[in-house]
Every structure is written in C-alpha cells, then in structure tokens.
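Have a look at the structure below before the remarks.
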Amino acid sequence: MDLKALHYFVEIVNCGGFNRAAAKVHISQPALSKSLNQLEAELELPLLTRGKRGTSVTLTTHGELVYQYAQKLLETKQALFDELDQLKGLNQGVLKLGLAPLGSAELFAPIIAKYRRRFPNIKTQLLVRGGVQQTFALQQGEIELATGIIDLKQEFDGIAIHSEPMVVVLPSRHPLAALEQIPIGQLNGYAQILFEPEFTLHKMIIDACDNAGVTIDNPTHVNQPDFGIALVAADIGVMILPKFIAMRYQLEGVVSRDLVDTDLCWRMSLFWPKDRPLSFAANAMIELLQQHLAEKQ
C-alpha cells in the first residue's frame, strides 16, 4: 500500500474536500482524485461519500477505520524519518541557498529564520544574485536550491511560493495617475525604469510590452527597487513592480496603479535541478517550506 496515497486520503478528510486538499498538498485535483480511486480499488472498498464537485466528503464505515490506521502509519513514518535524520547527521552540514534579490527579504526571511531555529548546527550559505546568474549557479552546483521567477519545465523541480499582481509606479502628477487601472498599452511613449538585464523581471517586462505594442526607448536601469522608486519620484520615468514591493517602498509624491490588459504576473518559486540528489540540509528546507505554506492556508 502506497503511504503517499494514504497521506492524500488523510488530507482530503482533514480538509473536508478535494479542492482544499489539492491546494494543501500541491497537486492537481484530478491527480488527487485518481490517487483516491486507486486506493479504493486496491482495498476493494469505498472510503468516502463524495459531495458535488469534491466540495465535501463523508467517511464511510470502512473509511473511518482506514482513516484511523492511516494516521497511525503516517505518524510512525514521520517518527522513523526523524530518527534516521538524527543518525544521518541532519543537525550538521551546509545549506547552499540562492536568493533572488527581489522579494526574498519579504517572503523568505521568515522561512530561513524558522530553519535556523530548527537546525541550529547547519551552516547557511546564501547567494543573492539576479535570476539569470542564479540559474547558472544552480546548474554549476554552486548552490543546491534557488528562489526566483522560473518556468518549471523539464530541467527543474520546484514549489510555488507566492504570486503577486503587477502595478505601475509613477509620479502623482503623471497624466496616467488619474486612472485607477493602467492598460499596459497606455505606457507607450513614456520613459521607463527597468531592472538590470540579469534580473528575470527585466525580460518579462520587455516581452509583455512588446506583446502590447509598447516601445521602450532608452530605459534607465537599476538593481534596487527603492532606488528605482526614488527615480520615479524624481520624474525620470515610470516603473513596473510587483504590488507588495511597490507598497513597501512608497514615497511621497509617488502613486501606484494596477497594471491591466496583460498576463504579466510575478511568481516566486523555490526550485532545484531534476535528477540531482540533494543533501539532507536541502531536503529539510524543502520539507520546512511545504509545512510553512500548508500552515498559511
């Protein structure tokens, strides 16, 4: 019997349905349903009575018994792993983590703090670089894990951490400041402030503007969001930023407006190369992040 299938079954029950359980364990709802169907087929017993569209579930008599034993099995598994971790020296070692310069302070600092409290004897090496350099360092083995904006395809596995809408930061006297929302096409002809090319967001913004027919002539480049917003205040240009970053560095005389008519969105993930074994320290960070995300839901 697959313990992962039992874990999914327990989460469906604990969450009261498929929708919330799928979000908690970070798999699609169809995959979760398939796992439960396979478990029921293996046991040759129905475990749940399903509501409409997986919005609610009720344990059958057989399901109640399986649920009780599944919890005990999963607790035993975790106790086994905890003891093995001690034998393997998880309380020692080095975590080599690459951090994106944009958003890591807001999103990842609390996770690193929790990691340090849980594993005080593990040394932490943090590498802060732009997305392009971050990916290269990961490929070269300088780091084991990295945070950033990346399309998780064949080369990488990862966990989505946060998604944030984009805003246009502009002087309060700017002609577009009168709008509540700014269609991306309206930015054509206005000077822009962009991050340096080593930032993944640099190419994302250029591609989004190209798709909308927006020309960016002679942009001003920065590597810090606070300096970029200071240049906005000085009327050098407008700047596209993730909303929570813009809110953090607000200045007098500067406003932000939602960017619309584009699918541009800032999505941070923790990622690592596929088919490459990770250290115990790196796996501990992945597990801790998954727990952290589950607790926030």
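The values are calculated or read from the model by the stated rules, or taken from the named source; none is laboratory data. Treat the numbers as computed from the prediction; the structure is a model and nothing was measured. Methodologically, a virtual Cβ is constructed for each residue, glycine included, from the backbone with ideal geometry; neighbour enumeration extends over all protein chains shown. The area values use the complete protein model at the heavy-atom level, side chains included, leaving out ligands, DNA and RNA. Shrake-Rupley method; radii C 1.70, N 1.55, O 1.52, S 1.80 Å.
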Lysines whose Cα lies under 21 Å from that of Lys296, excluding same-chain neighbours fewer than 8 positions away: Lys24, Lys114, Lys243
Counting only protein heavy atoms with a 1.4 Å probe and every protein chain in place, the carbon and sulfur fraction of the accessible surface of the stretch 112-180 in whole percent equals 49 percent
Qualifying GluC sites (Glu not before Pro) in the stretch 1-70, DSSP loop, other Cβ atoms within 10 Å at most 14: Glu44
Relative contact order as a percentage, the chain, C-alpha pairs under 8 Å and 6+ apart, gives 20 percent
Given (i) 1.22; (ii) 0.96; (iii) 1.53, which label gives Cα Rg over 2.2 N^0.38 Å as computed from the coordinates? (i)
Cα-centre dipole for the stretch 150-297 with unit charges at Cβ (Lys and Arg positive, Asp and Glu negative), debye to 20: 200 debye
Per the Kirkwood formula over distinct C-alpha pairs, the hydrodynamic radius of the stretch 134-212 in angstrom is 15.5 Å
At 1.4 Å probe size, with no ligands or nucleic acids counted, give the accessible surface of Glu144 in Å², nearest ten. 40 Å²
Within the chain, which complete DSSP H helices have Cα atoms spanning at least 15 Å along the helix axis and a mean Kyte-Doolittle hydropathy of 0.5 or higher? 3-15
Listed residues Leu102, Leu278, Leu259, most fluctuating in the chain (Gaussian network, C-alpha, under 10 Å): Leu278
Could you pull the accessible area for Ser269 with a 1.4 Å probe, rounded to 10 Å²? 10 Å²
Under a point-charge model restricted to the Cβ atoms of Lys and Arg (+1) and Asp and Glu (-1), what is the dipole moment magnitude of the chain relative to its Cα centre, in debye to the nearest 20? 640 debye
Pick from Pro101, Pro175, Pro183 the residue whose mean-square fluctuation is largest in a GNM of the chain, springs joining Cα atoms under 10 Å. Pro175
First select every other residue whose beta carbon is under 11 angstrom from the beta carbon of Tyr8; then total the charges, Lys and Arg +1, Asp and Glu -1. +1
